[in-house]
1. Take the alpha carbon atoms of segment 342-359, find their center, do the same for segment 70-99, and report the distance between the two centers in whole angstrom.
2. Taking K and R as +1 and D and E as -1, what net charge do the other residues with C-beta under 12 Å from the C-beta of residue 409 add up to?
3. Classify segment 57-201 from the C-alpha gyration tensor, please: rounded if a/c falls under 1.5, else prolate or oblate depending on whether a/b exceeds b/c.
4. Residue by residue through segment 115-132, what is 3J(HN,Hα) from phi via Karplus (6.51 cos²θ - 1.76 cosθ + 1.60, θ = phi - 60°)? Round to whole Hz and write x for glycine and proline.
5. Starting from one equal scatterer on each C-alpha and no solvent at all, send me the Debye-based log10 I(q)/I(0) for segment 138-237 at q = 0.14, 0.25 Å⁻¹, two decimals.
6. Taking the Cα centre of segment 329-419 as the origin and placing charges on Cβ (Lys, Arg +1; Asp, Glu -1), which of 411, 395, 333 is farthest toward the positive end of the dipole?
7. Say the cut-off is 24 Å between C-alpha atoms; which of 100/408; 100/294; 107/408; 54/239; 100/379 go over it?
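Every number in this text was worked out from the coordinates using simple rules, so none of it is lab data. Computed from a predicted structure; not experimentally measured. We place every Cβ from the backbone using ideal geometry, glycine too, and count neighbours over all the protein chains shown.
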Amino acid sequence: MRGAFYMLYHVYELNHAAMAPWRAAAIATRKALKHPLNPWSYTSAGRTMSAAAKLFETTTRRYGKPEFGIEAVEIGADLVPVSEHCVWEDTFCSLLHFEKQWPAKAKPQPRLLIVAPMSGHYATLLRGTVQDMLPDHDVYITDWQDARMVPIHKGQFDLNDYIDYLIRMFEHLGEPVHVMGVCQPGPAVLAATALMAEDGNASTPASMILMGSPIDTRESPTTPNLLAQEWPLSTFKEKVVSAVPWPHPGFGRRVYPGFVQLSSFMAMNREAHTRAHWDYYGHLVDGDGDSAEKHRVFYDEYMAVMDLTEEFYIQTVDEIFQRHLLPKGEFRHRGHLVDPRAISQTGLLTVEGEHDDISGIGQTQAAHGLCASLPAALKQDYVQPDVGHYGVFNGRRFRSEIRPRVTKFIQKMDRRKGK
């Protein structure tokens, strides 16, 4: 049985290859039916066939890594150009800087490192977060590498390495730096900050903003939390981990495949995704280009997924979601006990969504109890009404209600650090 699951990735690749001629046929069919010289393009039957071909192609193709594509940002009445640069990198991550083309005399803005989740989707899932934070901050983001693209001889990458990477990035950016951990990175951000504070590291973040993070998943457990508890660790190793097939650069590396994670995401909201694709088909038939384009943009991002190394995935499930080592005071980094009470000068802001079905209410707030040495003046908690998980860091309510609170908190901590 284990061998069957070990070959899961190979079966997926074989299926993708087998569908290639059909995808090509669908693309050719759609182009023919959309051509203005084809009389069928003006008929209901032609539009229906064209829409069906498009839907088939989009639901069976592989989605590549998206681009951030942020070229400018509005600041007041000005449109300020933005350029994207890699300023630090290692095998499994690059640090990207969204540099604004300011006049030389412009006042420096607070330096913000957004730690993107390494949980299946690329960092570009936070494109909107970056765009919204840019006007008031000097923004950096972690760009985690797809494990299937890393040759096996480059070594392993686990949760300990993840924390090491964060510490090295904090040190690269220097002080003062503010860190925003979005969802999955919360425990690692907290651990890295605690370790640096204990060492008296001058690059310890001036503030931590933890958003929808699984600090203590015993609080208001959600469906994913319960599933993580329900299965023994051996089941995760045997049923969801597979080997990267040839010809990917990571051939032979054991990973938690992105397509498995995507299947889990979609299964949680199967009816909503089915309805969205049915509506998309209807928009194509009706020629509603704006609605169809909105669907395409969302799913081009949502369907683009990356693989995680087995060791990172299994260690995270084991220590964060099953044994709850961090809130129990038992979490260790390379054998050293991590003590969040060492954090005494780093501001802490936690943000949760009222209807979050990934990280329930109280899971992120638990960080306040762990950081017992922080005075009340350096702590703040906010629960955003009427939003789910993604609304905590993206969308209209993030822009209008959450972002201003985050910005105000960072500016307060930045001034304090500068004293």
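1. Each part's Cα centre sits 25 Å from the other's.
2. Once all neighbours under 12 Å are counted, the net charge is +4.
3. Cα axes put segment 57-201 in the oblate bin.
4. 8, 6, x, 9, 9, x, 8, 6, 4, 5, 4, 9, 3, x, 4, 4, 4, 6
5. Results for segment 138-237 at q = 0.14, 0.25 Å⁻¹ read -0.68, -1.31.
6. In segment 329-419, that residue is 411.
7. 100/294; 54/239; 100/379
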